[in-house]
Amino acid sequence: MRVRWARCLVAALAVVAAASGTAAAGPARAGQDTEQGVEFRSGEVTLHGTVTAPAGTARRRRPGIVLVHGSGPETRAKYRVEAQAMARSGFVVLSYDKRTAGYSLTQRSYPQLADDALAGVRVLRGRADVDPRRVGLWGFSEGGWVVPLAAARSAQVSYVVLVGASGVSPARQSAWSLENRLRHEGVAGSLLRTVPVTGTRFLTDAGLLPEADYDPLPALRRVHQPVLALWGDDQQSPPAESAVAIGKALRDGGNTDVTLRFFPHADHKLRTSSDGFQRGEHVVPGYVETMASWVAGRGHRTNDALPHQARRSHALVPLPHHEGPAAQAAAFALMVVSFAAHLLGEWVRRLRRRPCAPGAGRAPRWLAATGLATLLGFLGYLAFVTMTLTPGPVLGHRPVFWLVLQLLAAGTVLAAVATVVSWWRVRASVPGRTRARLGLLVLASAVFVPWALFWGLAAL
């Protein structure tokens, strides 16, 4: 009886131990990949990740690969499809949540992100199921700027895979991408310059686009590991330009093991896509298999022909001081205060039932109302387009909201002219206080005209 109870106790403990191991390591059923949560340090930061490994116990050590994120507060969950596909092709994959300390919409450091990637490399190199001589880095989008920095600093990186990498600066790439998106939405006219070019230049000069002028080519020239660079029908990083720039930089640095491949019907992340914009749920066929055979030394090292790229990207020059963020903020504040103050004064006058002074009739009120509506509407619409990457309803290739803003801007200019004319006609009888209010309003109008021209509100 005691022996039977002992056997039952041992069996129960074995079940509990197996269940505990499964909870820590993730699902490990037959035919499925295993997922194990890990924590590792990079400087003063603790990073959390998941190691995805092929199902079963391999008799030989497998190649390892660390996934390095695109831009934004990316988490490992966004790369689970890629991690599982790579594990099925024989890789041991580490994906991790991007750091939050030192990384935000207005702050980031590519060298710091490279340190995080190298910390991940050390995690994989220390695993019993990974061949330490075959641990590489996979960099997607922004990771295409980060990974070369890491690879150039460490011989522990055995190979480099770049997906949707950009061979131009972040600011230049961002402007090209935004224009593509607006064109895809059917937009033509001045908004195609206002948002991608003028907006990007403004954000760059205001320090709101971190690492905006980063040049990726010097780091690439220091990369001597084998490099596989892949693109789809990319609408976010200029694929033909980037392939030429990246390939040349690597060769200039003496790297002869460079392979450039292109996959049709795939988006920026090499997910299935019919047009390069719409992102599917699955990786494009052949992509991960190409990686696996290339890492194993069986894939071809010849480059594909460059894809068609409808438009080239263009370098963005800094704004002159009189158009920079400080001047823009001062001008915007002056106009808002002037227009709002006039409307407030008119409201108080009506409450007190005072007669309207000569020269301060309907035209100044229209000027203040249309001017204030244009300024606040422009600020809100620009924020909407930037955050959603959509222009809203489009009529005749012109966004409806943008057309409304342009009509308001035209109305503001006409009301300013009418205000000046009516004031001039009765200038001798205008009281001093009214003259000061009208003078401030006309000054705001004089600032409004070049401001509207700069932001494209006065262009077709």
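Label separation (Val38 vs Leu379): 4.8 nm, computed from points 7 Å beyond Cα along the C-beta direction. Could you work out how far the C-alpha centroid of the range 105-159 sits from that of the range 199-231, in angstrom? Centre-to-centre (Cα) distance: 16 Å. Distance between the modelled labels on Val447 and Arg279, one decimal in nanometres: 4.1 nm (7 Å Cα→Cβ projection). Would you please classify the overall shape of the range 143-278 from the alpha carbon gyration tensor, given that a ≥ b ≥ c denote the square roots of the eigenvalues, rounded means a/c under 1.5, and beyond that prolate means a/b larger than b/c while oblate covers the rest? Note, shape of the range 143-278 comes out oblate.
Toward the positive end of the charge dipole of the chain, with +1 on the Cβ of Lys and Arg and -1 on the Cβ of Asp and Glu, the farthest Cα among Ala341, Thr386, His314 is that of Ala341.
Shape of the chain from its Cα gyration tensor (a ≥ b ≥ c, root eigenvalues): rounded if a/c is under 1.5, otherwise prolate when a/b > b/c, or oblate? Can you show the working numbers first?
Values: a/c = 3.10, a/b = 2.21, b/c = 1.41.
Cα axes put the chain in the prolate bin.
Charges were assigned to the Cβ only: +1 to each Lys and Arg, -1 to each Asp and Glu. The resulting dipole of the range 299-405 about its Cα centre is roughly 580 debye.
Relative to the longest principal axis of the Cα atoms of the chain, the long axis of helix 2-25 makes an angle of roughly 40 degrees.
Between Arg183 and Ala329, the modelled labels are 3.4 nm apart [label points 7 Å from Cα along Cα→Cβ].
Taking the C-alpha atoms only, the angle from helix 239-252 to the longest principal axis of the chain is near 60 degrees. Which of rounded, prolate or oblate describes the range 371-423 when judged by the alpha-carbon gyration tensor and an a/c cut-off of 1.5? Oblate, since a/c reaches 1.5 and b/c is not below a/b.
Subtracting the Cα-Cα distance of Asp252 and Ser109 from 0.36 nm times their residue separation leaves 48.9 nm of extension gain. Given R0 = 35 Å, the distance between the Cβ atoms of Val45 and Val317 translates into a calculated FRET efficiency of 0.45. DSSP beta bridges fully contained in the chain are about 45 percent antiparallel.
Distance between the C-alpha centres of the range 234-263 and the range 373-440: 47 Å, rounded to the whole angstrom.
Taking all Cα pairs closer than 8 Å and separated by 6 or more residues, the relative contact order of the chain comes to 12 percent.
Relative to the longest principal axis of the Cα atoms of the chain, the long axis of helix 432-454 makes an angle of roughly 40 degrees.
We did not get these values from a lab; they are worked out from the coordinates using the rules stated. These figures come from a predicted structure and were not determined experimentally. For neighbour counting, all protein chains shown are included, and Cβ atoms are generated from backbone atoms with ideal geometry for every residue, glycine included.
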